[in-house]
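This report concerns only the one structure given below.
What follows draws every value from the coordinates through simple rules; no lab data is involved. Keep in mind it's a predicted model, so treat the numbers as computed, not measured. Heads up, the Cβs are rebuilt from the backbone with ideal geometry, glycines too, and the neighbour counts pull from every protein chain shown.
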Amino acid sequence: SSPKKVREYYRLICALHRGKVGKIMLGRLCINVYAYPPDKRQRDLDNLFKVPMDALQKLRAYKNDSQIDELHVYRKEISKQNPRLEINVKEF
């Protein structure tokens, strides 16, 4: 992805979730990411979560990425109608 597309995606995440994030989490974290791709193209799972994780930090869901002790990424079924990432952040 181009840097411009990454910035646009980042702004979109922030706009969609502004005001929806509760109290900032300060403890140790476990994050589960569920990826529902739009098609069968090959994608590297490790490339899917960096921008959303940075956006969640900027939105003050948590203070810093260094709080993350567990990070699980799951490739789920293809969802042509609703491709998405679902992200669940839990504090230990």
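Rounded to the nearest Å, what's the spacing between the alpha carbon centres of the range 46-68 and the range 23-44? Just the number, please.
Comparing the Cα centres of the range 46-68 and the range 23-44, I get a distance of 10 Å.
Which entries of LYS4/LYS63; LYS40/LYS90; LYS58/LYS80; LYS23/LYS76; LYS4/LYS90; LYS4/LYS58 have Cα-Cα distances beyond 27 Å here?
Going by Cα-Cα distance, LYS40/LYS90; LYS58/LYS80; LYS23/LYS76; LYS4/LYS90 fall outside the 27 Å limit.
When only DSSP loop residues count, what trypsin sites (Lys or Arg not before Pro) in the range 17-92 have their Cβ near at most 10 other Cβ atoms within 10 Å?
ARG18, LYS20, LYS23, LYS40, ARG41, LYS80
Efficiency by 1/(1 + (r/R0)^6): what FRET value for LYS40 and ASN88, r their Cβ-Cβ distance, R0 = 25 Å, to the nearest 0.05?
So, using R0 = 25 Å, E works out to roughly 0.50.
So, counting K/R as plus one and D/E as minus one, what does the shell of residues with Cβ under 15 Å around ILE78 add up to?
Around ILE78, the surrounding residues sum to +4.
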